[in-house]
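A.B. asks: First the structure, then my questions, so here it is.
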Amino acid sequence: MSFFKNTAIALTFCLLIFCANTSYAHLVINTTQENVDFKLDISCSKKEAYCVGTKTWRNGDSYEGEFKNGKLHGWGKFTWKDGSTYEGEFVDGFRHGKGIQQLNDGSVYEGEFKFGFMYGMGQYTFTCGEVYTGAFVEDEMSGNGLLEKTNGDIYEGEWYKGTPDGKGSYSFADGTLYKGHFYKGKRSGAGEIILPDGKIIPGKFKKGKLHKPHNLEKETIIILKEKGVL
């Protein structure tokens, strides 16, 4: 068994930057890797299908928990050689069920796993402090979810492969709100900006910008430029 880490793409929303250089961890089973040590506790024997014990690999990875027919199965804790950990449910050697994964950079995922992937509902706390709560598909934010940024901004809506994509809303910390559609992380198509004073600016958006705006007051233009809408 071994672990490898893949790098997720940086998330961008027009001029609004989400956590960049976010790394995720993915579990891969390598049955050909030789063991430095494979010890089961005294209650286990080769004839027993279920047992509890520990296992250490040549590269420094280790596991402590339940086994079934020699495979990681049940509840256990896997530790990377770099100190990153996963503690939770295993099925036939895969992370499968509920668990908590913490990387050595401080980022934490708590939620559902499926055959080694973050898959289902969960919460990911990024190293920079931003928190995503919602659906995952094969290690990526996909489905409905909510992202809370450290500056107070909030995005809530649909995601696809790690970026806002579909119907959603983006709330700025000062009370300005965008409601509408997104495409690959940017405002796109029909939508509206709602200013803190309640003024509504409907329109069409293209690549994150308000397309062909007209009859806007000077103060409104200043606000929209600050938000990256113009």
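Only the coordinates and a few stated rules stand behind these numbers; no lab work does. Worth saying up front: this structure is predicted, and the values here are computed from it rather than measured. Here Cβ is always computed from backbone atoms with ideal geometry, including for glycine, and neighbour counts include all displayed protein chains.
A.B. asks: Determine the gain in length on full extension of the stretch Val131-Phe115; use 0.36 nm per residue of separation and subtract their C-alpha separation, reporting nm with one decimal.
C.D. replies: Net length gain for the segment: 3.4 nm.
A.B. asks: Another question, if that's okay. By how many nm would the segment from Val52 to Lys207 grow when fully extended, if each residue of separation counts as 0.36 nm and the alpha-carbon distance is taken off?
C.D. replies: 50.3 nm
A.B. asks: What is the fewest-to-most order of Ile223, Ile193, Ile200, Ile154 by other Cβ atoms lying within 10 Å of their Cβ?
C.D. replies: Lowest count first: Ile200, Ile154, Ile223, Ile193.
A.B. asks: Apply 1/(1 + (r/R0)^6) to the Cβ-Cβ distance of Glu219 and Lys161, taking R0 = 35 Å, and write down the FRET efficiency to the nearest 0.05.
C.D. replies: 0.40
A.B. asks: Using a ≥ b ≥ c from the Cα gyration tensor of the stretch 50-139 (square roots of the eigenvalues), is it rounded, prolate or oblate, where a/c under 1.5 gives rounded and otherwise the larger of a/b and b/c decides, a/b for prolate?
C.D. replies: Oblate, since a/c reaches 1.5 and b/c is not below a/b.
A.B. asks: Here is a follow-up. Using a Förster distance of 30 angstrom, determine the FRET efficiency expected from the C-beta separation of Ala173 and Trp75, and round it to 0.05.
C.D. replies: My answer for the efficiency is 0.15.
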